[in-house]
Amino acid sequence: MKFANNFLSRFQGLMFKKELEYIFVMKTANSNVKIYSSIHTFFMRINIDVIFLNEEKKVIEIANISPWKFYNPKNKAHYILELKEGSIKKYKIKIGDKLDFFCESV
């Protein structure tokens with residue numbers, strides 16, 4: 001896992017990556033503004049699975065996003081996990097699941 005907790009590390013994210021062999025975790029800004037939960041896949045070369053979590057680390061939304069897209073979730077997320085495409089299906093992750101994780105800083 002790699003963890004992004006500031007504007008620059010969240011903005012750069014997975015840009016220019018050709019493959020994803022880890023889980024990229026973003027902590028959103030401490031605000032109730034939903035736009036802070038939005039993500040983009042500009043300059044990315046791969047499709048990714050995305051999991052949006054609330055403060056209790058419960059799954060509130062899941063998505064598969066292709067390169068050069070902007071995605072705005074329905075609800076404000078506290079954490080956003082970006083994973084290799086197919087991970088959500090492989091690990092049978094669904095809305096309401098509670099995830100727990102530890103991260104290293106990027």
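The values are calculated or read from the model by the stated rules, or taken from the named source; none is laboratory data. Please read all numbers here as calculations on a predicted model, not as lab measurements. Methodologically, a virtual Cβ is constructed for each residue, glycine included, from the backbone with ideal geometry; neighbour enumeration extends over all protein chains shown. When the accessible area is computed, the model is the full protein with side chains, heavy atoms only, and any ligands, DNA or RNA have been set aside. Shrake-Rupley method; radii C 1.70, N 1.55, O 1.52, S 1.80 Å.
For the range 95-106, the candidate set comprises residues that are surrounded by 10 or more Cβ atoms within 10 Å (Cβ to Cβ) and not aromatic (Phe, Trp, Tyr); within that set, the residue that is modelled with the lowest pLDDT is Val106. Taking every residue in the range 88-106 that is assigned to a loop (DSSP other than H, G, I, E, B) and pairing it with any residue that is open to solvent by less than 90 Å² (accessible area, probe 1.4 Å) and at pLDDT 95 or above, at least 6 positions away or on another chain, the pairs with Cβ-Cβ distances below 6 Å are Ile95/Val59; Asp97/Val59. Beta carbons closer than 6 Å, at least 6 apart along the sequence or on distinct chains, pair a first residue in the range 15-42 that is in a loop (DSSP other than H, G, I, E, B) with a second that is among the aromatic types (Phe, Trp, Tyr) and at pLDDT below 80 for Thr28/Tyr36; Ala29/Tyr36. The residues of the range 18-59 that are of a type in the set (Lys, Arg), at pLDDT below 85 and in contact with a strand residue (DSSP E or B) (Cβ under 9 Å, 6 or more places away or on another chain) amount to a single one, Lys27. If you filter the range 75-91 down to residues that are farther than 23 Å from Ala29 by Cβ and not small (Gly, Ala, Ser), you find that the one that is least open to solvent (accessible area, probe 1.4 Å) is Ile88.
Taking each residue of the range 53-70 that is in contact (Cβ under 8 Å) with a residue 12 or more places away in the chain and looking for partners that are open to solvent by 40 Å² or more (accessible area, probe 1.4 Å) and among the hydroxyl-bearing types (Ser, Thr, Tyr) with beta-carbon atoms closer than 8 Å, six or more apart or interchain, yields Ala63/Tyr71; Ile65/Tyr71. Filtering the range 63-74 to residues that are open to solvent by 20 Å² or more (accessible area, probe 1.4 Å) and either within 20 Å of Asp100 (Cα to Cα) or part of a strand (DSSP E or B) (or both) leaves Asn64, Phe70, Tyr71.
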